[in-house]
Amino acid sequence: MINIFQNKLQNNLEILYIVNSLELGGAEQIFFNILKNKKKILIVTLISEGYFGNKLKNRGFKLINLNMKKNIFIIFKIFRLIQIINKYNPEIVHTWLYHSNLIGGIASKLSGVKKIFWSIHHEFEYSNIVMFIEMKILAFLSYLIPNKIVYCSYSSKQSHILNGYNRKLSNIIENGISLEKFKPKRDLRINLRKKLKIKKNCFLIGNISRYHPIKDHETLLKSLKILKKNKIFFKCILIGKGLSKSNVNLFNKIKEYNLEDNVILYGKSLKVHELLNAFDLNILSSKSECSPVTLLEAMASGVPSLSTNVGNAKNLIGNSGWIVESENPEALASCISYIANNRYKLAEKSKLGIKRVRSLYTREKMRLSYRALYT
């Protein structure tokens, strides 16, 4: 039997991070970006290490993966987590996203950790009854377990407080991105458009997301159908997991709307920072978001964004782009048509977006905020 109450090491760790997984994703990328100094840090992934986990290991960070499955053996994995926390005796345990907040928060409390921080990167939403119950449990535990709750946007903070979370512990640290990685590159733009066979006068729309109902590609495709009917000369490139020809449902929908010549299914890419440079306009068509990193990445690359009015999108974009209501293909198509017919506005919006990210949403500013949180 595992001895979960073994002797603790003295002052071995400053911070132990507990995260669900480190696969490709916005919240996972933010976690990757806040880490700079690998000394006195341990990362525990509950499910999988993934893309960012491998990158962190290559940089010398220590990771432990518990490989948790939804079966009867999960209880042994939780005991293993308590054992790890007791062994390394961290000053702070920082859990990342709901499942980690729940499992990691309880394990840390049982281990006697004095400082427990939760991070939340979502609006208060649920897709099924199990998640609803978990959210309500977390709301109750927010008065018992964490010392601080970190949100990435004001809208996320408000939605959780309205649903019972402890207001007094709230902290907001907005997302930030690397300006070294995301920046305008004119030569790259020319080469990419040539590679993608985009003609000079073609209006290239880009969407970066994963294939999921919440990302609402249905509304996007309906708006593209309207654009085609209105004789707008455009192409739309879809980049992300599930956005490839192997997705039969998506491919059939594109054929149904007669958009085969207008939509490029690019699929998952690890070079989004390069592909962005080819866009004329970045589009986020989601039904729901928290604080979408893709908007910041596009803005930093000099690409204006058009987004549905979800989460923190309006505050992120400011005056550097456009906002329309969600689940409204007519409104989305109308705004795209206006931009395509007034392309001179893109240069002005591009400058505003770059300036906005550089002043408000840099990785360095975000890191300083987390450093202040810990000290």
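The values are calculated or read from the model by the stated rules, or taken from the named source; none is laboratory data. The structure displayed is predicted, hence computed values, not measured ones. Positions of Cβ are backbone-derived with ideal geometry, glycine not excepted, and every protein chain shown enters the neighbour counts. Just so you know, the surface numbers come from the protein's heavy atoms only, side chains and all, with ligands and any DNA or RNA stripped out. Shrake-Rupley method; radii C 1.70, N 1.55, O 1.52, S 1.80 Å.
Is there a residue being small (G, A, S), part of a loop (DSSP other than H, G, I, E, B) and under 30 Å from K40 (Cβ atoms) anywhere in region 100-110? No - not one qualifying residue is present in region 100-110.
Does L368 qualify as being modelled with pLDDT of 95 or more, surrounded by 14 or more Cβ atoms within 10 Å (Cβ to Cβ), at negative phi and not polar (S, T, N, Q)? No, not satisfied. Of note, S246 does not satisfy the criterion of being in a loop (DSSP other than H, G, I, E, B), within 23 Å of A313 (Cα to Cα), at pLDDT 95 or above and not charged (D, E, K, R).
Residue check: K231 meets all listed conditions (1) free of Cβ contacts under 8 Å to residues at least 12 places away in the same chain; (2) buried (at least 17 other Cβ atoms within 10 Å of the Cβ) but one, namely (2).
In this structure, K70 does not qualify as within 13 Å of I15 (Cα to Cα) and either aromatic (F, W, Y) or part of a loop (DSSP other than H, G, I, E, B) (or both). Tell me whether region 48-60 contains one or more residues that are without any contact (Cβ under 8 Å) to a residue 24 or more places away in the chain and in contact with a helix residue (DSSP H, G or I) (Cβ under 8 Å, 6 or more places away or on another chain). Yes - at least one qualifying residue is present in region 48-60.
Taking the conditions exactly as written (open to solvent by less than 30 Å² (accessible area, probe 1.4 Å), polar (S, T, N, Q) and more than 21 Å from T294 (Cα to Cα)), does S159 satisfy them or not?
It is true that S159 is open to solvent by less than 30 Å² (accessible area, probe 1.4 Å), polar (S, T, N, Q) and more than 21 Å from T294 (Cα to Cα).
Residues in region 26-42 that are open to solvent by 20 Å² or more (accessible area, probe 1.4 Å) and in a strand (DSSP E or B): how many? Total satisfying the criteria: 1. Elements of the type helices (runs of 4 or more DSSP H) sitting completely within region 120-226 and holding at least 1 residues that are within 18 Å of the chain's Cα centre (by Cα) and not small (G, A, S): these cover 154-162.
Residues are listed down the side, and each one gets a yes or a no for (1) surrounded by 22 or more Cβ atoms within 10 Å (Cβ to Cβ); (2) more than 16 Å from the chain's Cα centre (by Cα); (3) farther than 30 Å from K228 by Cβ:
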residue	(1), (2), (3)
L275	no, yes, no
I283	yes, no, no
P292	yes, no, no
I323	no, yes, no
R358	no, yes, yes
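Answer yes or no as to whether K115 is charged (D, E, K, R), in contact with a Phe, Trp or Tyr (Cβ under 9 Å, 6 or more places away or on another chain), modelled with pLDDT of 95 or more and under 16 Å from I18 (Cα atoms). Yes, satisfied. For residues that are open to solvent by less than 20 Å² (accessible area, probe 1.4 Å) and in a loop (DSSP other than H, G, I, E, B), scanning just region 257-273, find the one that is farthest from R186 (Cα to Cα). Within region 257-273, the match that is farthest from R186 (Cα to Cα) is L259. Within region 103-110, the presence of at least one residue that is open to solvent by 10 Å² or more (accessible area, probe 1.4 Å) and touching a strand residue (DSSP E or B) at 6+ places or on another chain (Cβ under 8 Å) is confirmed. Filter region 67-84 down to the residues that are of a type in the set (A, V, I, L, M) and surrounded by 11 or more Cβ atoms within 10 Å (Cβ to Cβ), then identify the one that is modelled with the lowest pLDDT. Going through the qualifying residues, I end up with I74. Pairing each residue of region 22-40 that is closer than 20 Å to I64 by Cβ with any residue that is open to solvent by 40 Å² or more (accessible area, probe 1.4 Å) and in a loop (DSSP other than H, G, I, E, B), provided the two are 6+ apart or on different chains, yields C-beta distances under 6 Å for K38/G60.
Taking region 17-50, which residues are at pLDDT below 95, in contact with an Asp or Glu (Cβ under 6 Å, 6 or more places away or on another chain) and more than 21 Å from L368 (Cα to Cα)? Residue satisfying the conditions is G50 alone. Checking each residue in region 195-215 for being under 30 Å from A27 (Cα atoms) and open to solvent by less than 10 Å² (accessible area, probe 1.4 Å) picks out L204, I205, G206, N207. The residues in region 122-147 that are at pLDDT 95 or above and surrounded by 18 or more Cβ atoms within 10 Å (Cβ to Cβ) can be counted, and the count is 5.
Beta carbons closer than 7 Å, at least 6 apart along the sequence or on distinct chains, pair a first residue in region 317-343 that is closer than 9 Å to L306 by Cβ with a second that is surrounded by 19 or more Cβ atoms within 10 Å (Cβ to Cβ) and charged (D, E, K, R) for G321/K349. Of the listed requirements (1) open to solvent by 40 Å² or more (accessible area, probe 1.4 Å); (2) part of a strand (DSSP E or B), T45 misses just one: (1).
Say whether the condition of being hydroxyl-bearing (S, T, Y) and either open to solvent by 20 Å² or more (accessible area, probe 1.4 Å) or assigned to a loop (DSSP other than H, G, I, E, B) (or both) is met by at least one residue in region 305-314. Among the residues of region 305-314, not one is hydroxyl-bearing (S, T, Y) and either open to solvent by 20 Å² or more (accessible area, probe 1.4 Å) or assigned to a loop (DSSP other than H, G, I, E, B) (or both), which makes the answer no.
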